[in-house]
Every structure is written in C-alpha cells, then in structure tokens.
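The values are calculated or read from the model by the stated rules, or taken from the named source; none is laboratory data. Keep in mind that what you see is a predicted model, and the values were worked out from it rather than measured. So basically every Cβ, Gly included, is an ideal-geometry build from the backbone, and we count neighbours across all protein chains shown.
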Amino acid sequence: METQKNIAQGFYEETVIEPGFFILKFYNETNDYQSFVREVSSDFVQFHFCIKGSSSFSFNEGNYVLPLKEDISLLLYNPQRTLPLNLTVNAHSWVLSLLLPIKKFHGLFSSEADYITFLSEENKDRKYYKDAPISPSMAIVLNQLMNYNLHPSIKSLYFKGKAYELLSLYFNRPAEADIEQCPFLVDEENVSKIKKAKQIIISRMAEPPTLQELSDEVKLPINRLKEGFKQIYGDSVFSFLFDYKMEVARQLLATGSHNVNEVGLKIGYSTSSHFIAAFKKKFGTTPKKFVMGLSS
C-alpha cells in the first residue's frame with residue numbers, strides 16, 4: 001500500500017511496510033521550500049535522514065525549530081506527548097523517514113538493549129533525541145529507496161527488506177563500524193566522488209557529460225564509477241539521469257507555469273516529440289494528459 005501526492009510543487013510518497021510501519025519520502029527538486037504536515041502518535045519512534053540539501057522540523061506551534069542537514073540523521077521519540085511531523089524541505093533537498101511503534105521497535109532489538117542506549121532500562125519511557133552522521137553503507141540503502149527502479153510487484157518486499165537493513169546499519173556496533181557492505185564503497189573519498197558525479201549530471205542535465213568526461217572530472221576510473229554508482233543509486237548513470245529528468249519534468253508541469261515545449265527544453269529535449277515520447281515511456285501518459293488529470 002502506498003500513497004503519492006503532489007503537495008504544492010513538491011513530491012511526497014508514503015509506503016506502508018507492514019501495519020504501523022511507514023517509509024516517507026520527501027523529494028523536492030523545485031527552487032522553493034516545501035512544507036509537509038502529518039500526525040504521528042506518541043507511541044511512534046521517528047527516524048529522519050537528510051540525503052540531500054537541508055530541511056527543518058518545527059515543534060510547539062513553530063516556537064522550536066530543529067535543523068537537519070545533508071548526510072545527518074535524526075532519531076526522535078517522546079512518549080509523554082505527540083510529535084506531529086511538521087517538516088520543511090528546502091529547495092533541491094531529499095529526506096527519507098521511518099516511523100514505527102515503540103512496541104515493534106523493542107521487539108526487533110530486545111536482546112541488544114545492553115548496547116543500544118536508546119533501549120536501556122534507564123531511558124525506558126523517556127523522551128529521546130539523537131542526531132548522527134549517515135554512514136556510507138546507510139547512504140547506499142537510502143539512495144536505493146529514493147531511486148527505486150525495479151518491478152512494481154516486488155516493491156513492497158524490497159522496501160521492507162531495505163527498511164530493516166537501514167535500522168540494522170543505524171544501530172551497528174561502533175566496534176564493527178568498519179565492516180561495511182562493499183569494500184570499495186567504504187572508502188569515503190570514493191563515495192564522495194560518486195556523489196559529486198551525481199550532482200554534476202543533475203546540474204547539467206540538459207547537456208550532460210559523457211561517461212568518460214564524467215569519469216575524468218571526478219577522477220575515478222570509469223569502471224569504478226559505473227560500479228559504485230549502481231551500488232549507491234541502484235541504477236546506471238544515464239538511467240538514473242533519465243528518471244531524474246522525468247521527475248523534474250513532472251514537477252514543472254504540475255506547477256502550471258511552463259508549457260510542454262518549455263519543460264522539454266529545460267531538461268534537454270530539443271524537440272517536443274522526443275520529450276513527449278520519453279515522458280510517456282516513464283509515466284504511461286503524455287504530458288498534456290498528465291496536466292489535464294491534475295485539474296480533473
């Protein structure tokens with residue numbers, strides 16, 4: 001089960017992993033900040049991950065604001081009062097959140113409570129807050145969830161597996177922190193180069209560099225660039241770029257401030273017919289029908 005909504009000009013997707021366990025994806029590729037509000041009861045644990053850009057949470061009717069920057073995670077829990085999700089996602093920013101009941105959470109980690117501070121007897125039933133860096137292995141899982149590109153029939157199973165993997169990596173013992181999924185990607189420098197490659201193709205999506213030019217620019221051998229990009233983002237460089245361009249196109253069309261030709265040009269299509277064909281391949285409908293559907 002999942003819901004997708006265009007809120008203002010941003011994009012929000014909520015997926016139910018199993019009863020009471022949710023993944024929320026906030027994907028804002030507009031030039032403006034977007035705000036999202038969702039009720040969350042006091043028996044829920046909240047995990048928030050800023051994958052790109054920055055965002056902030058507002059509490060107590062806006063009297064308290066908690067920033068969340070790129071590559072930082074935030075754990076929130078307060079059994080004494082509800083913590084509604086009042087999130088502002090800044091321009092060109094991505095956030096992913098996990099919400100699950102404390103009872104389910106305890107069931108996952110009951111035998112490990114001795115080393116997870118959050119689960120200690122001392123902290124039981126107390127409010128808890130923690131921010132922490134997103135590790136390279138967590139970044140891989142987060143980007144795989146944000147850039148899901150497999151068959152829809154396995155999406156529920158895939159998301160469920162990745163959600164549990166993300167929680168496992170979040171609470172990975174410090175002594176084992178160097179045991180990552182992929183020896184190549186554990187190198188922070190290589191992860192940084194691959195993230196830079198992604199930013200380059202996004203910033204120049206209308207006229208992207210060739211794979212060799214990209215490899216030269218980020219100073220990473222082409223085979224390692226291809227392997228690492230697939231590991232982190234779950235797709236090849238140009239398949240990822242295609243999906244990204246289509247998502248930007250959808251958001252631009254949803255604003256109503258650009259016609260089909262203008263949107264096509266903005267994302268790199270010199271002829272509208274090529275853009276229309278690409279959009280239909282991705283979404284199963286033409287840009288014109290998509291816009292008409294928004295107002296129906």
As an exercise: evaluate Lys288 against (1) basic (Lys, Arg); (2) farther than 24 Å from Pro152 by Cβ; (3) without any contact (Cβ under 8 Å) to a residue 12 or more places away in the chain and give the number of the one condition it does not meet. (3)
Could you tell me which residue of region 33-59 is surrounded by the fewest Cβ atoms within 10 Å (Cβ to Cβ), considering only residues that are within 18 Å of the chain's Cα centre (by Cα) and of a type in the set (D, E, K, R)? Arg38
Looking at (1) under 30 Å from Leu157 (Cβ atoms); (2) modelled with pLDDT under 90, find the lone condition where Pro79 falls short. (1)
Tally the residues that are surrounded by 13 or more Cβ atoms within 10 Å (Cβ to Cβ) and at pLDDT below 90, restricting the search to region 253-281. 4
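Considering only residues that are part of a helix (DSSP H, G or I) and touching a helix residue (DSSP H, G or I) at 6+ places or on another chain (Cβ under 6 Å), look in region 213-224 and name the one that is nearest to Ser270 (Cα to Cα). Even if it seems obvious, please write down each step before you answer.
Within region 213-224, the first condition is being part of a helix (DSSP H, G or I), and the residues that meet it are 213-218, 222-224.
Add one more test, that the residue is touching a helix residue (DSSP H, G or I) at 6+ places or on another chain (Cβ under 6 Å), and what stays is 214-215, 218, 222.
Details: Leu214: 22, Ser215: 26, Val218: 28, Ile222: 28 Å.
Here the residue is Leu214.
State the number of residues belonging to region 23-37 that are part of a loop (DSSP other than H, G, I, E, B) and touching a helix residue (DSSP H, G or I) at 6+ places or on another chain (Cβ under 7 Å).
Just the residues of region 23-37 that are part of a loop (DSSP other than H, G, I, E, B), to begin with: 29-33.
Now narrow it down to the ones that are touching a helix residue (DSSP H, G or I) at 6+ places or on another chain (Cβ under 7 Å): 29-30.
The total comes to 2.
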Can you list the helices (runs of 4 or more DSSP H) found entirely within region 225-296 that contain at least 1 residues being under 29 Å from Val141 (Cβ atoms)? 237-255, 272-283
Mind listing just one residue for me: the one in region 67-84 that is over 13 Å from the mean Cα position of the chain (by Cα) and part of a loop (DSSP other than H, G, I, E, B) and, of those, surrounded by the most Cβ atoms within 10 Å (Cβ to Cβ)? Leu83
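One line per residue, one yes/no per condition, for (1) crowded, with 20+ Cβ neighbours inside 10 Å; (2) touching a Phe, Trp or Tyr at 6+ places or on another chain (Cβ under 8 Å); (3) in a helix (DSSP H, G or I):
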position	(1), (2), (3)
Glu61	no, no, no
Val65	no, yes, no
Asn86	no, yes, no
Ser97	yes, yes, no
Lys104	no, yes, yes
Evaluate region 142-156: report whether one residue or more is at pLDDT below 85, over 22 Å from Thr15 (Cα atoms) and in a helix (DSSP H, G or I). no
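Go over the candidates Val237, Val248, Val291 one by one and state the one that is touching a Phe, Trp or Tyr at 6+ places or on another chain (Cβ under 7 Å) and modelled with pLDDT under 95. Working first, answer last.
Numbers: Val248 fails: touching a Phe, Trp or Tyr at 6+ places or on another chain (Cβ under 7 Å); Val291 fails: touching a Phe, Trp or Tyr at 6+ places or on another chain (Cβ under 7 Å).
Criteria check complete, one pass: Val237.
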Of the conditions (1) surrounded by 12 or more Cβ atoms within 10 Å (Cβ to Cβ); (2) out of contact with any helix residue (DSSP H, G or I) (no Cβ under 9 Å at 6 or more places or on another chain); (3) not polar (S, T, N, Q), the single one that Phe290 does not satisfy is (2)
Name the residue that is modelled with the highest pLDDT, counting only residues in region 1-23 that are out of contact with any Asp or Glu (no Cβ under 8 Å at 6 or more places or on another chain) and β-branched (Val, Ile, Thr). Ile17
Might you check whether a residue that is free of Cβ contacts under 8 Å to residues at least 12 places away in the same chain, exposed (fewer than 15 other Cβ atoms within 10 Å of the Cβ) and among the small types (Gly, Ala, Ser) occurs anywhere in region 148-167? yes
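Which ones in region 245-285 are of a type in the set (Val, Ile, Thr), touching a residue at least 60 places away in the same chain (Cβ under 8 Å) and closer than 19 Å to Pro208 by Cβ? Give the derivation first.
Initial filter on region 245-285 (of a type in the set (Val, Ile, Thr)): 248, 255, 260, 263, 267, 271, 276, 285.
Filter once more, so that each one left must be touching a residue at least 60 places away in the same chain (Cβ under 8 Å): 248, 255, 267.
If the condition is that a residue be of a type in the set (Val, Ile, Thr), touching a residue at least 60 places away in the same chain (Cβ under 8 Å) and closer than 19 Å to Pro208 by Cβ, then Val248, Ile267 are the ones that fit.
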